[in-house]
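Since the structure comes first, as structure tokens, the remarks are kept for the end.
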Amino acid sequence: SLFGVVLPPLRLFPPDQDPLATREAPYRDLIVDGRPITVGDVAGYHRLDPVLGYTTLENAVSVNGWWQSNDIGARESGPTEPLVAPGQRRWLLLGESFAHGSGLPGRETWAEVADAADPALDIVNLAVDGYSMAQAYLRYASYADRLEHQGVLLMFVPGVDLWRDVNVVRELGEAWKMRALMPRFVLDGEGIRRVASPFGSADELAADGSGGLSPMLQEHLRRHDRFYFPFEHEAVPVVGGLLSFKIAIAAWGRYARGRVRRAQFEPGSEALEVSRRIFLKWQQESNAKAREFLLLVLPTPTDLERWRAEPGLAEEWRELVASACEGLRRCVDLAPALVEIPTAEVDLAPDGNHFGPRTSAAIAAAVLVAIRRQPGMT
């Protein structure tokens, strides 16, 4: 590195770490109610998975009890019964950190708040921090026939989700510290096709990479990860060892990743189209089994700040949502409900990245309205 800037060739995966020690480590020296908050309290515990890349670790509890999973890997304090209790209607919740409730104790997440507000409602939280829409769909597929349910809630947060649907190694886009290849879907005619990892297990991936990037892994990344730029990771003859070349490539890589991220928000972009086709596929399969499919589109805290400061953003957001929701019977934009909240009352979770308990309660109220509303985009 030079002045804090990491220079190529870049490491693709982080060094091996003890997963338990990593999750029980302090989170940014955060203290809440006199207790040091851990990474596991904020984001939960995970294990590697050959299909999903990684998934929730079952039957785990974080150091301070903020986060807990049950025997099926749901973020629940008690067991999830296979059959729905009499008089209840069950929705399976899928998505990423904003659906999962990362950064908050379980009781303060919007899913728990909504659940507690309606005795006839049972929301089973199967969302996983850091997931793409492809991972969310594939995770749902593993539960679809195991758990009786009447509907699916999928939370889509374009500001943090879109890039993941054109990415297979999270480390290329953010420091996720996960030695795994993620599944993704690619456009295939009018539909989509799943791209699986070329490795059958995490051990195969580790063995393959013991001597550096193998030709097979290089080819997989070149074809399926829009954040993989060969000059950053592969040996470059003659000029590759020059410091000036390394500095130039490091600067170019940051610019190129930013450009790719921004491009995904445009209607018709690869990521947005892949996500939309996942939604349509999911809806079709749910409806075929007489289950409802409801897409919830959520802005990030940064999106809300920009919405208030930049007059043109509202129209851009509406265009983005319209593209994502095209063809869906039930799709709800949660931005209008959140924009109505005074700026001073929009709170953040202790991690500083996700919504806090007051805003989560507002999301819960908006979701309850959406669940009870007739089909149609709002």
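The values are calculated or read from the model by the stated rules, or taken from the named source; none is laboratory data. Keep in mind it's a predicted model, so treat the numbers as computed, not measured. Backbone-built Cβ (ideal geometry, glycine too); neighbour counts: all protein chains shown. Only protein heavy atoms, including side chains, enter the accessible area calculation; ligands, DNA and RNA are left aside. Shrake-Rupley method; radii C 1.70, N 1.55, O 1.52, S 1.80 Å.
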Residues of region 14-27 being surrounded by fewer than 16 Cβ atoms within 10 Å (Cβ to Cβ) and either modelled with pLDDT under 85 or over 25 Å from Ser62 (Cβ atoms) (or both), which ones? Pro14, Pro15, Asp16, Gln17, Asp18, Leu20, Ala21
The helices (runs of 4 or more DSSP H) lying wholly within region 115-215 that contain at least 1 residues that are out of contact with any helix residue (DSSP H, G or I) (no Cβ under 8 Å at 6 or more places or on another chain) are 133-143, 202-208
Of the residues in region 227-236, those that are part of a loop (DSSP other than H, G, I, E, B) and open to solvent by 20 Å² or more (accessible area, probe 1.4 Å) number 4
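Yes/no per residue for (1) over 18 Å from the mean Cα position of the chain (by Cα); (2) assigned to a loop (DSSP other than H, G, I, E, B); (3) in contact (Cβ under 8 Å) with a residue 60 or more places away in the chain:
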| site | (1), (2), (3) |
| --- | --- |
| Val42 | no, no, yes |
| Val51 | no, yes, yes |
| Thr55 | no, no, yes |
| Trp66 | yes, yes, no |
| Asp71 | yes, yes, no |
| Trp91 | yes, no, yes |
| Phe98 | no, no, yes |
Qualifying positions in region 207-226 - modelled with pLDDT under 95 and surrounded by 14 or more Cβ atoms within 10 Å (Cβ to Cβ): Asp208, Gly209, Leu213, Ser214, Leu217, Gln218
Of all residues in region 237-288 being free of Cβ contacts under 8 Å to residues at least 12 places away in the same chain and assigned to a loop (DSSP other than H, G, I, E, B), which is farthest from Leu320 (Cα to Cα)? Val238
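Select from region 289-323 the residues that are of a type in the set (Gly, Ala, Ser) and either crowded, with 16+ Cβ neighbours inside 10 Å or not in a helix (DSSP H, G or I) (or both) and list them in ascending order.
To start, the set of residues in region 289-323 that are of a type in the set (Gly, Ala, Ser) comprises 290, 309, 312, 314, 322-323.
Ala290, Gly312, Ser323 - these are the residues of region 289-323 that are of a type in the set (Gly, Ala, Ser) and either crowded, with 16+ Cβ neighbours inside 10 Å or not in a helix (DSSP H, G or I) (or both).
Among Leu104, Leu126, Leu121, which is the only one that is touching a Leu at 6+ places or on another chain (Cβ under 7 Å), of a type outside the set (Phe, Trp, Tyr) and at pLDDT 95 or above?
Numbers: Leu104 fails: touching a Leu at 6+ places or on another chain (Cβ under 7 Å); Leu121 fails: touching a Leu at 6+ places or on another chain (Cβ under 7 Å).
Exactly one residue qualifies, and that residue is Leu126.
Residue by residue, here is whether (1) polar (S, T, N, Q); (2) over 15 Å from Val369 (Cα atoms); (3) open to solvent by 10 Å² or more (accessible area, probe 1.4 Å) holds:
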residue: Val84; (1), (2), (3): no, yes, yes
residue: Gln88; (1), (2), (3): yes, yes, yes
residue: Leu92; (1), (2), (3): no, yes, no
residue: Leu104; (1), (2), (3): no, yes, no
residue: Trp110; (1), (2), (3): no, no, no
residue: Val124; (1), (2), (3): no, yes, no
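Out of curiosity, is Ala337 in a helix (DSSP H, G or I), closer than 25 Å to Phe265 by Cα and open to solvent by 40 Å² or more (accessible area, probe 1.4 Å)?
On the way: in a helix (DSSP H, G or I): yes; closer than 25 Å to Phe265 by Cα: yes; open to solvent by 40 Å² or more (accessible area, probe 1.4 Å): yes.
For Ala337, the condition - in a helix (DSSP H, G or I), closer than 25 Å to Phe265 by Cα and open to solvent by 40 Å² or more (accessible area, probe 1.4 Å) - is met.
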For Thr55, all conditions in the list (1) polar (S, T, N, Q); (2) surrounded by 15 or more Cβ atoms within 10 Å (Cβ to Cβ); (3) more than 24 Å from Val169 (Cα to Cα) hold save one; what is the number of the exception? (3)
